[in-house]
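Here the structure is laid out as structure tokens; the discussion comes afterwards.
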Amino acid sequence: MTRLAIAINMHRCIGCQTCSNACKMENNVPMGMLWTRTIAENCDVTDGAVGEFPNLTRTYLPMACQHCENPACQKVCPTGATYKDDMGRVEIDYDKCIGCRMCMAACPYNVRVFNWNDPNRDPDFNYGDKDVPVRSKGVMEKCTLCKERTDRGEEPMCVVCCPTKARIYGDLDDPNSEISQIKRQRSVRILLEERGTKPQVFYFE
Amino acid sequence: MTVSSKTKCTMGLLAALALAGVGCWIFQLVRGLGVTGMSNSNSWGLYITMFMLFVGLSAGGLIVASSASVFHIERYKRVAVPAVITSIVCICVAGMFILIDLGGIQRIWRIVTGPNFVSPLLWDVCVITIYLVINILDLVWMCGKKADEHKVEVLSRIALPVAILVHSVTAWIFGLQIAKAWYSAIMAPIFVASACDSGLALLLVALIALNAAGVFKVEKSLIKSLSGLLAVFIAVDAFFVGCEVLTMAYPGASESVALSHMVSGATAPFFWFEIVCGLLVPFLILVFSKNREKTGLVVVASALVILGVAAKRVWLLFTSFITPNVYGAPGIPAGTATAIGNPSPDVWMTLGTYAPTAPEVMIVVGVISLGVLAFMVLSNKLLRGVDGAAAR
């Protein structure tokens, strides 16, 4: 089996949002939505900090689909449009999506985005990878772990473009992969671990 | 059958509102769900609120009607036909709200060709379909040409558990979501309890209205007896709500965020309206035997119960959307049309906010009007001139 995943080095992330733009360009993500975004955790203003001067901390947290082993979104989908593929990725079959948004309510990470309107693009044409399917109005979408790229054996675009090399991509089922070694050896943070969704994506210092 | 000009006027107005609703729905189909107030951070809105409310209103009617048959409560059997009519109308209204809420209704056949049996939404589709069929069979066997009391009695034994199940499954759409504050085992009992009180309240209002319109005669003693039952249902509902709130509050842990929105935040007006006007006041009215004899007070109490349960749907649904589990700025990309048109401030939502838009409200008004219209037509056709006892 294969369990593709991304590990994110929190110490290296500088909150530049390059991953968001790289993903948007690669995957033809329309205006008004993103598949990955970086938040300043527990802050109510962008790039804010937590605490009182001079004792301030700031944690940048890149957020995208966690490709859970026990995906809450996949269980609730009435048509099986959301599925777990044999590479361990959580994917969406857009032709099957009826736009009920059950998965959106079920996802604890708020990483799904819905086409509330006809997708609006600026520039006014489809951009990105030619193999990425175009999504229509009324369907759900989210990070596919760059399905089209990873199918070809390439790394996801956010991993390629991260200027600080904060993202490490690999197979968790291969014990010798860099990502498996990090998961074994480093202190690892799993987002909302207590919810039991078992994300494959994880964070480390 | 003869229909007064006043009734005709009301029906005409309702039909016009329903048509306006259809117009707005077509507008929504063309433009997408972006014409509503929903967004990526608050992804369910007024349609789902109304869906929950009307499933409850429907289940209540059938629970009373079939309990009468199952437990041989002779005097309640009299109201079985109007109860089944309200039940049919409300379940159709609820179903319409689910269909209207779908972003890709043209792909709905995918539910049939590739069902995921683990999804509570699939259970709901199945149970609501069965429920509607039972309701229609009930009505046919109660007052059709082939009226057959024995068949009704047998069917009632299936109808009662299905009526309870239909509301439990609706609760599980929410109650099984680990992601939200909805995640609670009491969700199904709470939904069944509010189905019983709001459904019975609606039945009372309908019976009093039918009596006043001279369509269907109901004795005062029956209204009084049903009102007493309503008081009991209100108390059970209040007990469950109390259990849930205490369980949320006591540990002071993760659910306290949702609780603070509920008791003192954005959804607090709805929460307190339900507690005071939806549970406390109607209970205090109906608990006294003398008050139950006054039709006016019964109508006021019933209307308050229905409004209170509607308010409950609001706080139950929206409280969970306010603070995301992983909180931080800039937040969640809203994805709405306004966000696309005005990217800099509107594209991000740190907290979930929601307000229904005009087309959304018009669609809801249209669907409810259609429901009331259907109720008037059905009750005029099936009840007028027929005494309740004769119908059975």
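The values are calculated or read from the model by the stated rules, or taken from the named source; none is laboratory data. Not measured: the values here are computed from a predicted model. Cβ: placed from backbone, ideal geometry, glycine included. Neighbour counts: every protein chain shown.
So how many residues does the stretch A:192-205 have that are within 14 Å of chain B (Cβ to nearest Cβ) and either out of contact with any strand residue (DSSP E or B) (no Cβ under 7 Å at 6 or more places or on another chain) or of a type in the set (S, T, N, Q) (or both)?
Selection size over the stretch A:192-205: 8.
Hand me the list of helices (runs of 4 or more DSSP H) wholly inside the stretch A:87-205 holding 1 or more residues that are surrounded by fewer than 22 Cβ atoms within 10 Å (Cβ to Cβ). Lay out the reasoning, then the answer.
Values: elements: A:102-106, A:147-151, A:157-161, A:178-185.
Helices (runs of 4 or more DSSP H) meeting the threshold: A:147-151, A:157-161, A:178-185.
Answer with yes or no whether B:GLY308 is of a type outside the set (Val, Ile, Thr), touching a Lys or Arg at 6+ places or on another chain (Cβ under 8 Å) and crowded, with 22+ Cβ neighbours inside 10 Å. Give the derivation first.
Details: of a type outside the set (Val, Ile, Thr): yes; touching a Lys or Arg at 6+ places or on another chain (Cβ under 8 Å): no; crowded, with 22+ Cβ neighbours inside 10 Å: yes.
Here the answer is no, as B:GLY308 does not meet what is asked.
Taking only pairs six or more apart or across chains, which ones have beta-carbon atoms under 7 Å, a first residue in the stretch B:11-38 that is farther than 24 Å from A:ARG101 by Cα, and a second residue that is at pLDDT 95 or above and hydrophobic (A, V, I, L, M, F, W, C)?
B:MET11/B:LEU373; B:LEU14/B:VAL372; B:LEU14/B:LEU373; B:ALA15/B:LEU373; B:LEU17/B:VAL365; B:ALA18/B:LEU370; B:ALA18/B:LEU373; B:ALA20/B:MET362
Output the residues belonging to the stretch B:178-204 that are touching a residue at least 24 places away in the same chain (Cβ under 8 Å) and not in a helix (DSSP H, G or I).
Of everything in the stretch B:178-204, those that are touching a residue at least 24 places away in the same chain (Cβ under 8 Å) and not in a helix (DSSP H, G or I) turn out to be B:ALA179, B:LYS180, B:ALA181, B:TRP182, B:SER184, B:ILE186.
Just wondering, is there one or more residues in the stretch B:163-171 that are facing chain A (nearest Cβ under 9 Å), out of contact with any Cys (no Cβ under 7 Å at 6 or more places or on another chain) and under 29 Å from A:THR79 (Cα atoms)?
no
Can you tell me which condition A:MET33 does not meet? The list is (1) in contact (Cβ under 8 Å) with a residue 40 or more places away in the chain; (2) at the interface with another protein chain (Cβ under 9 Å from one of its Cβ atoms); (3) part of a strand (DSSP E or B); (4) closer than 30 Å to B:TYR47 by Cβ, and all the others hold.
Status for A:MET33: all satisfied but (3).
Hey, which of the helices (runs of 4 or more DSSP H) in the stretch B:265-308, taking only ones fully inside, have at least 2 residues that are hydrophobic (A, V, I, L, M, F, W, C) and in contact with a helix residue (DSSP H, G or I) (Cβ under 6 Å, 6 or more places away or on another chain)?
Numbers: elements: B:268-273, B:281-286, B:289-292.
The qualifying helices (runs of 4 or more DSSP H) are B:268-273, B:281-286.
Of B:THR338, B:THR319, B:THR350, which residue is within 14 Å of chain A (Cβ to nearest Cβ) and free of Cβ contacts under 8 Å to residues at least 12 places away in the same chain?
On the way: B:THR319 fails: free of Cβ contacts under 8 Å to residues at least 12 places away in the same chain; B:THR350 fails: free of Cβ contacts under 8 Å to residues at least 12 places away in the same chain.
Going through B:THR338, B:THR319, B:THR350 in turn, the sole match is B:THR338.
Residues in the stretch A:14-30 that are closer than 22 Å to B:ASN325 by Cβ and either of a type in the set (Lys, Arg) or within 13 Å of chain B (Cβ to nearest Cβ) (or both): how many? Break it down into steps so the answer makes sense when it comes.
Of the stretch A:14-30, the ones closer than 22 Å to B:ASN325 by Cβ are A:15, A:17, A:19-20, A:23.
If we keep only those that are either of a type in the set (Lys, Arg) or within 13 Å of chain B (Cβ to nearest Cβ) (or both) as well, we get A:15, A:17, A:20, A:23.
The qualifying residues number 4.
Any chance you could count how many residues in the stretch B:139-177 are assigned to a helix (DSSP H, G or I), within 23 Å of B:ALA193 (Cα to Cα) and not polar (S, T, N, Q)? Can you show your working first?
Filtering the stretch B:139-177 for residues assigned to a helix (DSSP H, G or I) gives B:139-143, B:149-175.
Checking which are within 23 Å of B:ALA193 (Cα to Cα) leaves us with B:155-175.
Those left that are additionally not polar (S, T, N, Q): B:155, B:157-167, B:169, B:171-175.
Here the count works out to 18.
Here is a yes/no grid of residues against (1) buried (at least 21 other Cβ atoms within 10 Å of the Cβ); (2) within 20 Å of B:VAL309 (Cα to Cα); (3) out of contact with any helix residue (DSSP H, G or I) (no Cβ under 9 Å at 6 or more places or on another chain):
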| residue | (1), (2), (3) |
| --- | --- |
| B:PHE51 | yes, yes, no |
| B:ALA59 | yes, yes, no |
| B:ALA83 | yes, yes, no |
| B:VAL93 | yes, yes, no |
| B:GLY103 | yes, no, no |
| B:TRP123 | no, no, no |
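Taking the stretch B:354-370 as the search range and keeping residues that are within 14 Å of another protein chain (Cβ to nearest Cβ) and assigned to a loop (DSSP other than H, G, I, E, B), which one is nearest to B:THR86 (Cα to Cα)? Quick ask: steps written out before the conclusion?
Step one: list which residues in the stretch B:354-370 are within 14 Å of another protein chain (Cβ to nearest Cβ), which gives B:354, B:357, B:359-360.
Next, only the ones that are assigned to a loop (DSSP other than H, G, I, E, B) stay: B:354, B:357.
Working: B:TYR354: 31, B:THR357: 28 Å.
Here the answer is B:THR357.
Among the residues in the stretch A:181-188, are any β-branched (Val, Ile, Thr), out of contact with any Leu (no Cβ under 7 Å at 6 or more places or on another chain) and more than 9 Å from every other protein chain (Cβ to nearest Cβ)?
Applying the first criterion (β-branched (Val, Ile, Thr)) to the stretch A:181-188 yields A:182, A:188.
Filter once more, keeping what is out of contact with any Leu (no Cβ under 7 Å at 6 or more places or on another chain): A:182, A:188.
Filter again for more than 9 Å from every other protein chain (Cβ to nearest Cβ), leaving A:182, A:188.
Looking for residues that are β-branched (Val, Ile, Thr), out of contact with any Leu (no Cβ under 7 Å at 6 or more places or on another chain) and more than 9 Å from every other protein chain (Cβ to nearest Cβ), one finds at least one in the stretch A:181-188, hence yes.
Look through the stretch A:115-125, keep the residues that are within 7 Å of chain B (Cβ to nearest Cβ) and free of Cβ contacts under 8 Å to residues at least 40 places away in the same chain, and return whichever of them is nearest to B:PHE174 (Cα to Cα).
A:TRP116
For the stretch B:52-93, name all the residues that are out of contact with any His (no Cβ under 7 Å at 6 or more places or on another chain), within 26 Å of B:ALA213 (Cα to Cα) and among the small types (Gly, Ala, Ser).
Within the stretch B:52-93, B:SER58, B:GLY60, B:GLY61, B:ALA65, B:SER66, B:ALA68, B:ALA80, B:ALA83, B:SER87 qualify.
Kindly evaluate B:ILE186 against the criterion of being within 22 Å of B:PRO251 (Cβ to Cβ) and within 14 Å of chain A (Cβ to nearest Cβ). Full working, then the answer.
Values: within 22 Å of B:PRO251 (Cβ to Cβ): yes; within 14 Å of chain A (Cβ to nearest Cβ): no.
Criteria not met by B:ILE186.
Identify the single condition in (1) more than 24 Å from the chain's Cα centre (by Cα); (2) buried (at least 17 other Cβ atoms within 10 Å of the Cβ); (3) within 30 Å of A:LYS142 (Cα to Cα) that B:ARG292 does not satisfy, given that it satisfies every other one.
It is condition (3) that B:ARG292 fails.
So which of A:THR18, A:THR38 is touching a helix residue (DSSP H, G or I) at 6+ places or on another chain (Cβ under 8 Å) and within 24 Å of A:ALA106 (Cα to Cα)?
None of the other options fit; the residue is A:THR38.
Find all pairs meeting these conditions: Cβ atoms under 7 angstrom apart; at least six residues apart or on different chains; first residue within the stretch A:151-171 and over 13 Å from A:ALA7 (Cα atoms); second residue of a type in the set (Val, Ile, Thr).
A:CYS161/A:THR18; A:PRO163/A:THR18; A:THR164/A:ILE14
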